[in-house]
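Undergrad: Here it is, the structure in full.
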Amino acid sequence: MSPYKDLGIDSKATIITSSGLTVEGGLESSRLRNDVCVMSYSVEKIPWGDGPYAVFIGHRSVPEQTDTTLQSGAQLYIGK
């Protein structure tokens, strides 16, 4: 059984604002780069100015993000 079964074509990116609003997005693209799978997600209508933001990809969390870091692209590394 794959330890990454929550990551795939139908996985979601979820952002929760500090006031509790939840917005979701989906997989935008994926590619291999030097034997590493890079998956990019797009989330629309993020209410800027309501951070810090909790970010989840599938069931995996990213450290809390500020407006600035989230706008530049949150990153989550998994695996070895």
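The values are calculated or read from the model by the stated rules, or taken from the named source; none is laboratory data. The structure displayed is predicted, hence computed values, not measured ones. Virtual Cβ from ideal backbone geometry, glycine too; neighbours counted across all protein chains shown. Heads up: the accessible areas ignore ligands, DNA and RNA and are worked out on the full protein's heavy atoms, side chains in. Shrake-Rupley method; radii C 1.70, N 1.55, O 1.52, S 1.80 Å.
Undergrad: Output the number of the condition that LYS45 fails; it satisfies all remaining conditions of (1) under 20 Å from ILE78 (Cβ atoms); (2) surrounded by fewer than 14 Cβ atoms within 10 Å (Cβ to Cβ); (3) in contact (Cβ under 8 Å) with a residue 12 or more places away in the chain.
TA: It fails just one condition, (1).
Undergrad: Among (1) at pLDDT 90 or above; (2) assigned to a strand (DSSP E or B), where does SER18 come up short?
TA: (2)
Undergrad: On to the next question. Inside the range 1-38, can you point out the residues that are open to solvent by less than 60 Å² (accessible area, probe 1.4 Å), in contact (Cβ under 8 Å) with a residue 12 or more places away in the chain and among the aliphatic types (A, V, I, L, M)?
TA: Result: LEU7, ALA13, ILE15, ILE16, VAL23, LEU27.
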